[in-house]
Amino acid sequence: MLNLFPSLSRRPLKIKFVEQEPDEHIELFLRQHWITNLGWIASAFIALFFPLFLPLLSRLVGLEFIFAIPPVVRLAFLVLWYLLILAFVIERYMFWYFNVYIVTNKHIIDIIFHSLLSRSITEIQLDDVQSARSHLKGIFRSLFNFGDVIIETAAKKQNIEFLSVPRPDFVTDLISDLRGHHRGGHA
Amino acid sequence: MSIEGQILSAPLLFEGAVEAVLRALSILLFGMYFIFSLVVLRQVNLMTETLITEAGLWMRAGAIIHAGFALAVTVLFIGLLFG
């Protein structure tokens with residue numbers, strides 16, 4: 001069944017990315033914790049009911065002329081309102097779905113979907129990782145166990161931050177283990 | 001038309017102009033939504049090529065259906081508003 005809000009996958013077999021090398025496999029696939037979507041979901045849900053209150057609001061504010069507009073024009077703007085909500089939901093979901101953090105046996109990749117018109121991919125080698133630390137602050141984050149993971153590279157040339165990811169302690173431990181195995185394999 | 005007639009018909013003319021503007025504005029907004037759906041389609045195609053997942057095919061299909069829906073709604077309201 002299609003999982004709408006998958007946030008953490010350990011060694012996913014059915015996920016690949018465009019610059020993946022033949023001998024490279026994904027160890028960890030992350031998105032922001034699903035709960036970070038609650039804000040926009042709630043906003044969209046409330047917005048669905050706004051047209052129901054419009055007649056009352058228009059009388060309070062003195063905008064009764066709205067009812068002089070022909071019904072077909074009012075219907076057009078009502079449909080436009082719901083299309084606007086749909087556009088908002090699509091944009092927010094795509095932003096969450098395509099902002100991913102990938103840890104492989106060779107690299108750490110951060111795919112950032114800035115907007116509908118721009119995206120960027122940051123990739124660092126596992127060898128360049130100097131340290132990985134997690135940051136989990138606040139009751140809400142502690143309750144749902146999600147936080148930030150900051151990955152620093154040698155000479156600070158390119159740091160990567162995993163924001164609001166689930167199980168940040170597990171993620172940092174895994175990155176440290178992989179880094180150790182990778183360096184041990186090359187030694 | 002007498003002066004009284006001209007004065008009485010002025011609000012009606014104004015309302016007619018406002019209605020015409022609202023109709024044109026709504027079609028413009030529908031057109032903009034259709035353009036947005038094409039941008040979504042393009043971006044979904046780009047991102048599903050960058051990140052290959054199980055749901056990628058479903059997302060592409062959804063984006064195509066969404067673009068078709070946006071076009072159909074635009075055409076429908078062109079017909080309803082100016083037909």
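What follows is calculated from the coordinates using simple rules that are stated; it is not laboratory data. In this text the structure is predicted, and so the values were computed from the model without any measurement. Because the Cβ atoms are built from the backbone with ideal geometry, glycine has one as well, and the counts that use them run over all protein chains shown.
In region A:1-61, which chymotrypsin sites (Phe, Trp or Tyr not before Pro) are in a loop and have at most 10 other Cβ atoms within 10 Å, using DSSP for the loop call? Qualifying residues, ordered by number: A:F49.
A cut-off of 5 Å between modelled amide H atoms, ignoring neighbours fewer than 5 places along the same chain, links A:Q158 with A:T153.
Across the options A:S7, A:V18, A:L86, the greatest Cα extent toward the positive end of the charge dipole of chain A (unit charges at beta carbon of Lys, Arg, Asp, Glu) belongs to A:L86.
Across region A:126-137, computed HN-Hα scalar couplings (Karplus, 6.51 cos²θ - 1.76 cosθ + 1.60, θ = phi - 60°) run 4, 4, 7, 6, 8, 7, 9, 9, 9, 9, 10, 9 Hz from first to last residue, x flagging Gly and Pro.
Is there a quick way to get the dipole size of chain A? I mean about its Cα centre, with the Cβ of Lys and Arg at +1 and of Asp and Glu at -1; what is the value in debye to the nearest 20?
Numbers: 18 positive and 17 negative charges, 105 e Å.
In debye, rounded to 20, chain A gives about 500.
Residue by residue, region A:93-102 carries 3J(HN,Hα) couplings of 5, 5, 4, 6, 5, 9, 8, 10, 10, 10 Hz when phi is fed to the Karplus relation 6.51 cos²θ - 1.76 cosθ + 1.60 (θ = phi - 60°); x denotes Gly or Pro.
What order do you get for A:72-78, A:98-104 when each peptide is scored by the mean count of other beta carbon atoms within 10 Å, highest first?
Values: A:72-78: 16.4, A:98-104: 21.6.
Packing order, densest peptide first, comes out as A:98-104, A:72-78.
May I ask you to derive the relative contact order of chain A, considering only C-alpha pairs under 8 Å and at least 6 residues apart, and to give it as an integer percent? So the answer I get is 19 percent. Between the helical axis of A:38-48 and the dominant principal axis of chain A, each derived from Cα atoms, what acute angle in degrees is found, rounded to the nearest 10? The helix A:38-48 is inclined about 20 degrees to chain A.
Checking every one of the GluC sites (Glu not before Pro) in region A:1-105 against DSSP loop status and a limit of 12 other Cβ atoms within 10 Å picks out A:E19.
Computed from phi, the 3J(HN,Hα) profile of region A:60-66 under the Karplus parametrisation 6.51, -1.76, 1.60 (θ = phi - 60°) reads 5, 8, x, 10, 5, 4, 4 Hz, with x in place of Gly and Pro. For chain A, the residue among A:T153, A:S176, A:S142 whose Cα projects farthest onto the positive side of the dipole built from Cβ charges is A:S142. Relative to the compact-globule estimate of 2.2 N^0.38 Å, the Cα radius of gyration of the protein assembly as shown comes out at 1.40.
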